[in-house]
Structures are given as structure tokens and as C-alpha cells.
Amino acid sequence: MASITVNEQLATIDVAGEKPLLWALREDLGLKGAKYGCGVGLCGACTVLVDGQAVRACVTPVSQAYDKTVTTIEGLDDELGRRLKNKWKALKVAQCGYCQTGQIMSAYHLLNQPEQASPEPIAQRLNNICRCGTYVRIHQAVSEVSAEMGARGLTDGQ
Amino acid sequence: MAGGLHKPGPHESAHLHVTGSAKYVADDPGPQGTLFVLPVPSPIARGRIISMDLRSALAVDGVHCVLTVDDIPGDNIWGPILHNEPLLADGVVHYMGQAIAIVVAETEHSARCGAQRVELEFEEQTPIIGIESAIAANAFHTDPHIIERGDLEAAFESASMVIDGVVETPAQDHFYLETQAALAIPEENGGYTIRSSTQHPTEIQKVVAAALGIGAHHVVCEVPRLGGGFGGKESQASPYAAYAALAAARTGRPCRSWLHRGQDMAWTGKRHPFRTDYEAAFDENGMILGVIARLYSDGGWSLDLSGPVLDRALFHVDSSYFIPAIRVEGRVCSTNIPSNTAFRGFGGPQGMFVMEEILNRAADAMGVDSTELRRRNFYGEAPRDTAPYGQVIEANRLPQLVPQLMEESNYAARKRAIEQFNQTQQHVKRGIGFQPVKFGISFTASLLNQAGALVHVYTDGTVQINHGGTEMGQGLHTKMIAVAADTLGVKLDAVRLMTTATDKVPNTSATAASSGSDLNGAAVQGACLTILERLRPIAAQLLGDEAASTSVTFRDGCAWLGHESGVPFAKVATAAWAQQISLSSTGYYATPGIGYDPSIGRGRPFFYYAFGGAISEVEVNGLTGEYRVRRVDILHDVGNPLAPSIDVGQVEGGFVQGMGWLTCEAVLYSPQGRLLTHGPSTYKIPAAGDTPLELNVSLLRDADNPLVIGGSKAVGEPPFMLAISVISALRDAIRTFGKPGSIVELGMPATPEAVLRAIEHQRIESTAGMDKRHG
């Protein structure tokens, strides 16, 4: 048995420590917002936050989240999270929608960083893949939320 | 709720997508006790099964049973067109990954362990891999399909320039983010509910019923939504649903299948690679006089949908150009890889690319601008208005669209600026390219152009709609809700769209060929209109003028006679119920007036054409071959869009996916038939950083299409081919590394290494040319 805090709720789970966090969330805790896309940590559909850091849950052993706080799309409801979700809706970013929870988690992590001036456009720093090709709107959504939040250092380098 | 037909409004699932509560089949673990089903894949690409020993597999903890062809109670054979594909191998294997047996186990892990312990012995044969090998072995699925017209002999005799060569286009993996998934639930009295991530629920129903040896009425297929389809779930979702159903029938328990990414990539078909041998004749003004093209597609081991994919390729070799004398001939090669299948564009991109490459090479050889060459050869007034297969290109929007695109993208000034930039740069060059699109809309098998709907109005004035299409990201459900709300004159949130299911709307066509909203929209509208016809006399009574029932209109949630006073829709519905009037109706639509005879290569295969144009600008590094797409401008014709924002999204996404096909996605098989690119580590689809730095999409204004519901046009596939503009832009940049008049040799996909190879070739050509001059 191990304890893990998911979306501000303490849970105890009884699984092998090497079980990927993604499958512990989906199978043992019933949270289906993080998706399986590739299983090798490349597509980003499974992105969640562990102690505020974006991780690819499909290649993260659940033991690495023991005694830590995990945030999934279901629990992303602070101001930045709400703004991102509302912007995603307003711009109709999602097409099939399958990758979009991971996209929002990655965008949240990017915008939640302390000042990190980067010459790279925001689009370049989000590397989750979307087969529907919604990148133009993802970029627009992140840029607009970034501007609304007044996050310094997140200038779009274009 | 705001929004509606032709207006910006919410996407019906947006609030579910962003909270993780949108349900996909892959998310559904099934009821308690659901078993996992996994195929046992063939480890060789071609041969005979000599022996199969299941004992070790059956001994694995958690394995319930292993089913082989002998365990199938009904028909082992299925197929989307020809009835010739075994669900489970019957003594012979035709490709690596072909299902030989299925393991049914408590967990996926047990199923995997079991599958690995099935002991197999084979008598191996040498597989046929690739189009050249198939041609050499005379291995074809089809006889030639030929479309021809005009006097080719005269065209080539009078030509001032003739070019010939080979054009090859690559395969492309669908890489839908949700891999193939299905859940089969046994119901009482011998029935089954199948939930499938499929574009074709009716085919799932048919294949499952046939495999189980039961009537179609015992099977219901439900499709909540797809995590991407792109054609990859048009035919090829069927086996995985059948495996789950076979296991459910054997065990009496719910069973599910869900592929890993690597399994999905290795076991399912892709976009057909094509090889085309061509000869083309031009006059001194660059006008095309004649084209001869022999197209070969790699069909893989079975026919699947390869016939109509090839047909669509042949229909689109003309692209947007009038070709007075032409002979196109196509055959589907038979090889030992998974059966290649539908993929956005369905052969259209492969056919169009042949002509675009001919024009690009001809422009190089003539030393003229490829954009100018394209514009000169456009379809025009009669007699330059008829496609090679005899259909007149009616309502051609390119004469209006192209000048507007050129002006809005500032093409001429940017072309001059690029030339100046290139003169000042040695190692970095820019290029610009133009691509027109004319894409035929309709299933080319004309009988498939039909759709149904079922609409219920409840006495409180709320509405449920069912239609035969599947939602896979294209926004079909959002459009259908808008159609129903607009027709009935009620608010969007009074309309609920129900899960696509074969017990609500039967005998449907696949959601494919960009036709979803054209066909299903007309069916939904038809059902709503039938109900309104029944409600008019009731409303007239309530409005106090029974004689005026034909004048009743429905809008703003009320029925009206004139503008004086309305009676709420709910009140009309309740009154109708009280008078024992049905508040439920089906709707049905079939596209009129289309048909094609392949034996003579003549007909009207398409109801209408969708048009578009793109200008792309690239910057290429001559030292590394790396490049960026700097800017893309698109003007696209979607008629009067049912949902403008969704249609723009389809254009953006289609363009990016088309870029992937031509620039970064390389499917590789070993000579033994093993897929070498089976995950995102080895197969690169476009990421955010590959997207054009600037992508401007506009929809052609005042473009009403009277043939289709709401004046709209299909949008799913046509924008895919706008991405060919990137290749023309790359060639434009690469050309400047050599001397004028040499033909750029750029292989597809145009990865940075392919671009560097083309640049090196240009440099060598230049040097060779100088030697000749000086010698």
C-alpha cells in the first residue's frame, strides 16, 4: 500500500511500484482524462503534473509519485487551468479531442513556469503531438492566455 | 445557447474535451468481468502454417481460451468490397502481423504472455515487398482501369517539348491518437452490443453477425466518438470488433480489444504508396498537349478499398488542368504487407501529385515560373471545361479564387522580395509555391451516397437526433445539431445528439469521402421537415387560423403566423401528442444524378467539386537541408459554411497532415516485410514546431453551393492537397542552388536529407553544365 495525493485527495493504492502512473490513474483511480497514445513518452497524451512538473505518465513509475501531489486534467481548476480550458473552448481548439487533455496539461506547465525568457516561440516549446493538426489554435490559445495572465518572460519569439 | 447554422457557436463536445470527460471506446473498460482479447500475429510475411501448438499458451495464468479459425461459428471471411479476407489465418499467412489466433484472458498482461507462448511452425516463402517487386512478379489485385480521350499520337507529334519520368509518393500511417479499440457485450437472447472506434458501424454489425453466424438484427454497433480516424477506421476497425465478439460468444463474458501503438502500426494498412511512369507533351507556350500515365499502387496483401482508392487517383490526375489528350491507366499491386487502405484524400492526393510533379519538372525544363505554368493550364470555358472522364467542371471557382488568393497573399511582391533575398544569400535560399485544388465530392461507388436519420420531438419541445455518421473530430455532430435546430426553429440546447448506433439508423455508409455533413445533414433536415409538416395544422389551430396551416413558420422556439404572436414549440408538440400525431420521423437522402461506368471510363462520378488554393513560402539551409515553412496563405471554398470555425479548423488540420505526408513521414518495411517505423520514435508526424510560422486561412465568400444543404460544401479531404504547395516552394528554393534549366530531383517525403540530396544534385548539375560549356 502506498499513498498518493491526486487532485488534492489522498488516495491509497496497492499496485506494483513499477506500474506506470498512467495506468494507476486510469485503472486504479478511475481517472480517464490522461490518455494512452504511444506508451513511450513521446506523444504527450498522458501528460500530468507531479509536484507541479509535467511528466509523461506512461513512462513514469507510480512509485515516483508516492507521497507527492499529482494533478490531472480533472483537477486542473485554479485560475490558469480554468482560463486555459475556457480558451480551448472559445477557440474550438479540439477536433477529435483525444490528445487535448495532454495538450492543456503541457500548456499549463509551460505558462506556470517562473520567468524563463526564451527566444523560441511558444509553439516550439510545446511538443505534444496532435494528429488532427490543431497546432495553430493551440498556439493561439496559449499566447492569448499568456497575455491575459501577464506572465512575464513568456514573450512569443516570433 | 448562441450559435447555429452558418454562425460561430460552441463545439458540441468542447466542454467534455477540456475536462477529460469525453468518452472514447479506448477509455471503456467494459462491465465488471470484461476479458481482454489479443491477436497472435504472424512472425513471417508469407508462408504456410505447418503446426500450431496452443498448450503452453493455455497454461498461462489468466488465459481463458485461444481461438483459431476452427473456432469461428460463422464466416471467417470478410472484406469491405470483395469477400476474401480471413479474420484468422486459415493455413496460409500473407503479411507479418496477420492474426493467426486470438488469446482471451483476464488481463491484457495475461493475453500478451499467452500470445507469446503460442508455438508456430511455418514453411516460409519469399515475400513480395514493394511496387517494383510486385510488377516484376506480375502480382496484381486488379486488371488495368483506363480513362482516355483525345489523339495522343498527334499531341506528342506536334509537341515542342516532351518529358518523361517516374513520380513516387510515399505511404503514410494514420497515427490516430486513439488506437483501434472495440468492446463486445453479450446481451440476453443471443444479442450483442459492440462499441467500436469505427467510421463504419454498419460494417462492424455485418462482420460481427457473419463471424458469429447470426442475423444482423442480433448485433447493435454503437460509436460514441473516435479519437481520430482519417480513413484508418473505415474498413480496418472491423477485425478487432470481430475478435472481441468471437471471444464474447465463446466465453459469455464481455470482451474488449485495444491495440498498443506498435501493434496498431504494424498490423494495419496505410495510405497507398504510388509509382507512376509518365510522358507529357507541351507546346511552345507551355500548354499541356497530352499526358500518358501508368499508375501502380501498393495494395498490400488484400484488395480492401484499393480499387476505389485507385479510381479516385485516376480521376484526379488532371488536378485543376485541362489535358486535351490523355491516357491514364492504373493497377493495384499485390504485396506481402498489411492491406493499404483509405486515408484522407483516398487516392486523390496521389493522383494530383503526379500532374503537379509533371508541371514542376516541365517548368524547370522550360525555365518558366511553375505558378504561371499552372495558371495557363487551368480548366476554362468550353471546350476546356471537361474532365478526362467526361464530367463538365461546373461552377469552377478557381477563376475567382486564384486572383483573390494572389492579391491577398501579396504574391507578386513577395516573389520579387524572395528573388532579392536569394541574390544576397549564399547558403540560405527562399522559395514560394502555389497549389490549386479541385476535388470531386461523392463516394466514387455511387450507391454509397445515401444516409439516414431519426428525429424525435418530445412534448416539452426538446429534440433528440440520430444520424448515420460518426464523430471523429471533423465536427459533424456540431453541424447536425445546428441543422436540426435551424430547421425546427429551436435553440441549440433544445437538441441532443444521440450516440451513433445501428439500431437507430440502419444500413449506413461509412463516414468518409468528406460526405458526412452533405448526406447526413440532408437526412436530418428531411426528418425535421416531415415532423414540421405534421405540426403545421396543429400550430395553425393554436394560432387561431386553421386554414393558414401552410403559412406557419417555426423560429425562435415558437410557431408563427406572420409576426404577430407565436405559440411555443413545446405547446405545439404537446397539442400534437394529445391529437395522437406522431412526433418522430426518419429522414433519408440519396445523392441524385451521379454514376460512372469503369468499363468505358466515362460518367459523372462527382456531385460537385470543392476548390481551394494555397501559397507557401519556405526557407532552406543549403548546408544542412533543414528548412522552415515561413508562411502559408490559403483561400478555400466550402460553399456557405455550416459551421465556419469548424471548417477553418479542417483546413488548418488537413494542411498540416498533408505536409506530414510530403515532408516528414516515412513508412519503411524491411525486405522481409517487417515494419521498421512502428512508433513515434521512428515515425515522425508533424509537431507544433513543424507548423508553418504563419498560417492564414480564409474561406471564399459568397460561394453558396445550391446543390447541398445550407449551400455548403464538403471540407474534410480537399485541404489536404493544398500542402503540395510546400513541395513547389521547396523546389523553387532548391533550384536556386543550381543553374537555370536543370530539373530539380526531390524525392518524397522531402525530409531535410532529401532536400540536401536535391541541393547537391543541383550543384553537380551546375558544375557538369559548366564543364560542358567550357569543354
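The values are calculated or read from the model by the stated rules, or taken from the named source; none is laboratory data. These figures come from a predicted structure and were not determined experimentally. Note that each Cβ is placed from the backbone with ideal geometry, even for glycine, and that neighbours are counted across all protein chains shown. When the accessible area is computed, the model is the full protein with side chains, heavy atoms only, and any ligands, DNA or RNA have been set aside. Shrake-Rupley method; radii C 1.70, N 1.55, O 1.52, S 1.80 Å.
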Name the residues of the stretch B:639-681 whose accessible area, probed at 1.4 Å, falls by at least 10 Å² once all protein chains are in place instead of their chain on its own? B:Ser645, B:Ile646, B:Gly649, B:Gln650, B:Glu652, B:Gly653, B:Val656, B:Gln657, B:Pro680, B:Ser681
In short, the stretch B:239-265 residues buried by 40 Å² or more of accessible area relative to the isolated chain (1.4 Å probe) are B:Trp258, B:Arg261
Checked against a 19 Å limit on the C-alpha separation, the offending pairs among B:Lys206/B:Lys479; A:Lys35/B:Lys504; A:Lys32/B:Lys206; B:Lys491/B:Lys571 are B:Lys206/B:Lys479; A:Lys35/B:Lys504; A:Lys32/B:Lys206
Options B:Ala494, B:Thr682, B:Val332, ranked by Cα towards positive dipole end of chain B, top entry (Cβ charges): B:Ala494
One point scatterer per Cα, no solvent, Debye formula: log10 I(q)/I(0) for chain B at q = 0.05, 0.07 Å⁻¹ comes out as -0.28, -0.54
Kirkwood hydrodynamic radius of the stretch A:79-148 from all distinct Cα pairs, in Å? 12.1 Å
Length-normalised contact order of the stretch B:450-590, Cα under 8 Å, at least 6 apart, in percent, tallies to 36 percent
Expressed as a percent, the portion of alpha-carbon pairs in the stretch A:2-75 spaced more than 22 Å apart is 7 percent
5 Å binning of all Cα-Cα separations within the stretch B:672-775, expressed as whole percents from 0 upward: 2, 9, 12, 14, 13, 12, 11, 9, 8, 5, 2, 1, 1, 0
Volume of the Cα convex hull of the stretch B:502-633, divided per residue and given in Å³: 269 Å³
Please give the solvent-accessible surface of B:Glu533 in Å², to the nearest 10, using a probe radius of 1.4 Å with every protein chain present. 110 Å²
Using Cα-only point scatterers and the Debye equation, what is log10 of I(q)/I(0) for the protein assembly as shown at each q in 0.05, 0.10 Å⁻¹, rounded to two decimals? -0.30, -1.22
Can you give the helix-only mean residue ellipticity at 222 nm for chain A, where every DSSP H stretch with n ≥ 4 adds -39500 (n - 2.57) and the sum goes over all residues, rounded to the nearest 500 deg cm²/dmol? -8000 deg cm²/dmol
Specify the inter-centroid distance of the stretch A:33-84 and the stretch B:6-42, based on alpha-carbon positions, in whole Å. 18 Å
For chain A, projected area of the alpha-carbon convex hull averaged over all directions, nm²: 8.7 nm²
For the protein assembly as shown, report the accessible area per residue in Å² (1.4 Å probe, heavy atoms, rounded to an integer). 36 Å²
Along the positive direction of the dipole of the stretch A:79-148 (beta-carbon charges: Lys, Arg +1; Asp, Glu -1; about the Cα centre), which of A:Ile104, A:Gln140, A:Val93 reaches farthest? A:Val93
Hey, quick one: spin label on B:Glu121, modelled 7 Å out along Cα-Cβ, who in the stretch B:41-78 has an amide N within reach, i.e. under 15 Å? B:48-55
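Could you give the size of the charge dipole of the stretch B:537-641 about its Cα centre, using +1 on the Cβ of each K and R and -1 on the Cβ of each D and E, expressed in debye and rounded to the nearest 20?
So the dipole magnitude of the stretch B:537-641 works out to roughly 220 debye.
Taking both sides together, what accessible area is buried at the A/B interface, probe 1.4 Å, expressed in Å² and rounded to the nearest 100?
Looking at A and B, the buried total is near 3700 Å².
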Between the stretch B:353-412 and the stretch B:157-213, how many Å separate their Cα centres? 33 Å
If the only charges are +1 at each Lys and Arg Cβ and -1 at each Asp and Glu Cβ, what is the size of the charge dipole of the stretch B:148-235 around the Cα centre, to the nearest 20 debye? 620 debye
Taking the Cα-to-Cβ direction at B:Thr386 and at A:Glu27 and moving 7 Å from each Cα, how far apart do the two end points lie in nm? 6.5 nm
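Rounding to the nearest 20 debye, state how big the charge dipole of chain B is about its Cα centre with +1 on each Lys and Arg Cβ and -1 on each Asp and Glu Cβ. Could you put the intermediate results ahead of the total?
On the way: 60 positive and 83 negative charges, 186 e Å.
The calculated dipole for chain B is roughly 900 debye.
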Roughly how many percent of the accessible protein surface of the stretch B:130-180 is carbon and sulfur, given a 1.4 Å probe and a whole-percent answer? 46 percent
When the charge dipole of chain B is computed with +1 at the Cβ of Lys and Arg and -1 at the Cβ of Asp and Glu, the Cα pointing farthest to the positive end, of B:Ala137, B:Tyr588, B:Pro403, is that of B:Pro403
The percentage of the accessible area of the stretch A:79-148 (probe 1.4 Å, all protein chains present) made up of carbon and sulfur atoms, to the nearest whole number, is 46 percent
Using alpha-carbon pairs under 8 Å, 6+ residues apart, how would you state the relative contact order of chain B in percent? 15 percent
For the stretch B:643-664 and the stretch B:67-89, distance of Cα centres in Å: 37 Å
